[in-house]
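Step one of this worksheet: look at the structure below.
Read-outs: derived from the displayed coordinates by stated rules, not from any lab. If you're wondering where the values come from, they're calculated on a predicted model, not measured in any experiment. Cβ sites come from the backbone with ideal geometry, for glycine too, and all protein chains shown count toward neighbours.
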Amino acid sequence: MANKLKQGTRCTICKSKGQNNKAVVYLPHHRLALCKPHYIEWFEKRTQKTIKEFKMFKPDEKILVAVSGGKDSLALWNALTKLGYEADGFYIDLGIGEYSEESKQLSIDFANRIGRKLHIVPMKEKIAPIPTIKESTKRPACSACGTVKRYYMNKIAKDLGYSVIATGHNLDDEVATLFGNTLGWDINYLKRQYPVLEEENGFVRKVKPLCKITEKESALYSFFNDIEYIEYECPFSEGASSIEYKELWSKIEEQSPGSKLRFYSEFLKKMHPILNTENEKIGHSEIKKCLICGEPSYNDICSVCKLKEKVKSKTAKA
Ligand code: SF4
Ligand code: ZN
């Protein structure tokens, strides 16, 4: 992105106002060259536009931001706060060694910087650290991790009165997921791939305000705002197919700027409505209440209560 900026290019917005500031970033698929303040403004306006486009939440709603300590979630939290929203953070301490320690500290520091609350849920107190869960259940770390994140995020939001959960998924994440689901024509997952999942049957509304912003754009926004974030990936992410898909899409984007946004936006506009009307019955299963914890579940006992049982029986035997 930035390497395509020709030396001496002026900021498009400054130029239109008769000013002469140098651009520091070039966004090829938007055909915009911007100076630092106008880039920050562009990012926040784009976030706001996405919130409005998908009717994600109203100005007076209480928002819980899922914070991982990474660039996207902190950029989102920063932008929402600057846009005037009541947004607090939620951090789940997964207990993944140094990765969790560092990302937790960065999240705490950031919460202090913007003066907002950060709710921390420690996995080692709730069930066990993720590496222990992985060992006890013989399940891949990411599958257990996804389950506990979804569960506690939803439970804490309900318990503390937040009406909406915002996550930092960016355009690259959405494109990689959409691509993976398309490869397998996974209708049930494709149906759920939308920037807003409405509140239903004990699930709080979930939104993705950065879904039209690329990973590079959010990294740049964090950099320009001096946001310190964890720069390395979780050790369990190695070999994930989403990383390969992202690399593939970076090549496509380089050849043809705007491809990612087109692939995703056109899916939302043209394909998603068809999936939701024509195939209403596909994959429809009834949501019940877990007999142990009372949280929403597709089975009598929810996945987290099952995890708890497995870990308990394994550690009792050990
Ligand atoms: Fe959890 Fe897997 Fe992400 Fe690590 S890579 S934080 S284990 S989902
Ligand atoms: Zn349960």
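Counting other Cβ atoms within 10 Å, keep those with at most 13, restrict to DSSP loop, and tell me which chymotrypsin sites (Phe, Trp or Tyr not before Pro) in the range 171-223 are left.
On the way: sites: 179, 185, 189, 203, 221, 223; in loops: 185.
Taking the range 171-223 and a limit of 13 other Cβ atoms within 10 Å, the loop chymotrypsin sites (Phe, Trp or Tyr not before Pro) found are 185.
Per DSSP H run of n ≥ 4, the term is -39500 (n - 2.57); total these for the chain, divide by its residue number, and report the mean residue ellipticity at 222 nm rounded to 500 deg cm²/dmol. Walk me through the intermediate numbers first.
On the way: 14 runs with 158 residues, N = 318.
About -15000 deg cm²/dmol.
Give me, ordered by chain and number, the residues 5 or more places off residue 295 or on other chains with an amide H under 5 Å from its own placed amide H.
Here the answer is 290, since their amide H atoms fall under 5 Å of that of residue 295.
Under a 10 Å cutoff between Cα atoms, tell me which one of 187, 292, 230 has the largest fluctuation in the Gaussian network model of the chain.
Of the options given, 292 has the highest mean-square fluctuation.
Which of the pairs 158/212; 104/134; 58/212; 52/134; 17/251; 206/246 have their Cα atoms more than 29 Å apart in this structure? Could the numbers behind the result be given before it?
On the way: 158/212 27 Å; 104/134 21 Å; 58/212 19 Å; 52/134 40 Å; 17/251 35 Å; 206/246 23 Å.
Result: 52/134; 17/251 exceed 29 Å.
In nm, give the distance between the simple-model label positions of residue 124 and residue 223, each being 7 Å from the Cα along the Cα-to-Cβ direction.
The modelled label-to-label distance comes out at 3.5 nm.
From the square roots a ≥ b ≥ c of the eigenvalues of the alpha-carbon gyration tensor of the chain, which class results: rounded (a/c under 1.5), prolate (a/b over b/c), or oblate?
Working: a/c = 1.78, a/b = 1.52, b/c = 1.17.
Note, shape of the chain comes out prolate.
What ranking do 112-125, 76-89 get when scored by the average of other Cβ atoms within 10 Å per residue, highest first? Before the final figure, lay out each step's value.
Working: 112-125: 14.6, 76-89: 20.5.
Top to bottom by mean Cβ count within 10 Å: 76-89, 112-125.
Assuming 0.36 nm per residue, please report the length gained on full extension of the stretch residue 101 to residue 314 beyond their Cα-Cα distance. Can you show the working numbers first?
Working: separation 213, 0.36 × 213 = 76.68 nm, distance 2.57 nm.
The residue 101-residue 314 span can extend by a further 74.1 nm.
Among 246, 62, 138, which one moves the most in a GNM of the chain with springs linking Cα atoms closer than 10 Å?
Highest fluctuation among the options: 138.
In debye to the nearest 20, how big a dipole does the range 137-182 give about its Cα centre with +1 on each Lys and Arg Cβ and -1 on each Asp and Glu Cβ? Can you show the working numbers first?
On the way: 6 positive and 4 negative charges, 78 e Å.
With Lys and Arg at +1 and Asp and Glu at -1, about 380 debye.
Just subtract the alpha-carbon distance of residue 266 and residue 187 from 0.36 nm times their residue separation and send over the number in nm, one decimal. Before the final figure, lay out the partial values.
Values: separation 79, 0.36 × 79 = 28.44 nm, distance 1.66 nm.
Residue separation times 0.36 nm, minus the Cα-Cα distance, leaves 26.8 nm.
Taking the Cα centre of each part, how many Å lie between the range 192-221 and the range 38-109?
Distance between centres, Cα-based: 11 Å.
In the range 146-204, what GluC sites (Glu not before Pro) fall in a loop by DSSP, with at most 16 other Cβ atoms inside 10 Å?
Counting only loop positions with at most 16 other Cβ atoms within 10 Å, the GluC sites (Glu not before Pro) in the range 146-204 are 198, 199.
Under the 0.36 nm per residue contour assumption, what length would be gained going from the current alpha-carbon distance of residue 109 and residue 60 to full extension? Can you show the working numbers first?
Values: separation 49, 0.36 × 49 = 17.64 nm, distance 2.57 nm.
Length gained between residue 109 and residue 60: 15.1 nm.
Going by amide H atoms built from the backbone, whose H comes under 5 Å of the H on residue 139, apart from near neighbours?
none
Please list, in chain and number order, the residues 5+ apart from residue 214 or on another chain whose amide H is under 5 Å from its amide H, with Hs placed from the backbone.
Counting only residues 5 or more places away or on other chains, the set is 171.
Looking only at 36, 251, 289, which one moves most when the chain is put into a Gaussian network model with springs between Cα atoms under 10 Å?
The residue that fluctuates most here is 251.
Going toward the positive end of the dipole of the chain, with +1 on Lys and Arg Cβ and -1 on Asp and Glu Cβ, which of 183, 301, 87 do you reach last?
Projecting each Cα onto the dipole axis, the largest value belongs to 87.
Which ³J(HN,Hα) values, rounded to whole Hz and listed in residue order, are derived for the range 120-128 from phi using the Karplus coefficients 6.51, -1.76 and 1.60 in 6.51 cos²θ - 1.76 cosθ + 1.60 with θ = phi - 60°, glycine and proline given as x?
10, 10, x, 4, 5, 8, 6, 9, 5
With a/c under 1.5 counting as rounded, go ahead and sort the range 165-318 into rounded, prolate or oblate using the C-alpha gyration tensor (a ≥ b ≥ c being the square roots of the eigenvalues; past the cut-off, prolate if a/b is larger than b/c, else oblate). Display every interim value, and only then the final one.
Details: a/c = 1.97, a/b = 1.33, b/c = 1.49.
Oblate is the answer for the range 165-318, as a/c is 1.5 or above yet b/c matches or exceeds a/b.
Give the calculated FRET efficiency between residue 299 and residue 19 to the nearest 0.05, with a Förster radius of 45 Å applied to their Cβ-Cβ distance.
Values: r = 61 Å, r/R0 = 1.36.
Using R0 = 45 Å, I get an efficiency of 0.15.
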